[in-house]
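This report concerns only the one structure given below.
The values are calculated or read from the model by the stated rules, or taken from the named source; none is laboratory data. All values derive from a computational prediction rather than experimental measurement. Cβ atoms come from the backbone with ideal geometry, glycine included; neighbour counts cover every protein chain shown.
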Amino acid sequence: MCNQVIFPRKPPADFTYNPPQDPLDIIYQDDDLLVLSKPAELLSVPGRKEEHADSLEKRAQDEFPQARIVHRLDMSTSGLIIMALNAPTHRNLGLQFERRKTKKVYIARVWGDVSKDKGHIDLPLICDWPNRPLQMVDHEKGRASQTDWEVLKREGGATRLALYPITGRTHQLRVHMAEIGHPILGDDFYAHEQAFRAETRLQLHAHKLMVYHPKDGEQTWFKSPCPF
């Protein structure tokens, strides 16, 4: 059984990629790790088209040629991305993400006043192939996807949440919040018209990230202040 969100908008065919030109925002750097805060509307890695070559990875490699990306954020999502500065670190971090050893905290502002103080979402996701890259809930074929959430502040018509993804599916947080009736403000894929127009950017930020440092195995937290 599929449960598809109604998508009032899709990326226009004449979409022009015009990423912000902010300098690299380096949160942390040592011999093994490079932690950056990505601005919204910048690709994590280069796209297929030549005009989509500009990305956080490319900009980082202009200054740190050995930097290798480990994970990604949606173009419209801002916040923490960690890169490896050598091959052993890249392998180590890759396994941490693959085996769900990392911890992530996102900040989101969503439509409406969320009534409960916290909750858990367990909705399996699958690519909506005819409309890719959009995702949808599919209880038969979807991959397990779980998100915990907690109210930080009710803002009168909107709610600020902390989101704790347990899995890391494509668009997971965006689809999950839309499915429970509280789409993320400014979401051009999954929000209804009012929620989309409520903000000029997607109100989703990768706020905190924990990894085990490859050098000594110590639990290490990084933080990027929320810009909204």
message: Considering only region 159-179, I want to know if a residue exists there that is outside any strand (DSSP E or B) and in contact with a Gly (Cβ under 7 Å, 6 or more places away or on another chain).
response: no
- prompt: Within region 25-55, can you find the residues that are of a type in the set (D, E, K, R) and touching a strand residue (DSSP E or B) at 6+ places or on another chain (Cβ under 8 Å)?
  reply: ASP25, ASP32, LYS38
field: Of all residues making up region 189-228, the number that are of a type outside the set (A, V, I, L, M, F, W, C), surrounded by 16 or more Cβ atoms within 10 Å (Cβ to Cβ) and part of a loop (DSSP other than H, G, I, E, B)
entry: 7
- prompt: Which condition number does THR220 fail, the rest of (1) assigned by TED's automatic domain parsing to the domain that holds ASP148; (2) within 22 Å of ILE26 (Cβ to Cβ) being met?
  reply: (1)
- prompt: Can you name every residue in region 123-156 that is surrounded by fewer than 17 Cβ atoms within 10 Å (Cβ to Cβ) and within 17 Å of ALA191 (Cβ to Cβ)?
  reply: ASN131, PRO133, GLU155
- request: Please find, among HIS182, HIS120, the residue that is out of contact with any helix residue (DSSP H, G or I) (no Cβ under 8 Å at 6 or more places or on another chain), surrounded by fewer than 18 Cβ atoms within 10 Å (Cβ to Cβ) and outside the structural domain of ARG91 (by TED's automatic domain parsing).
  value: HIS120
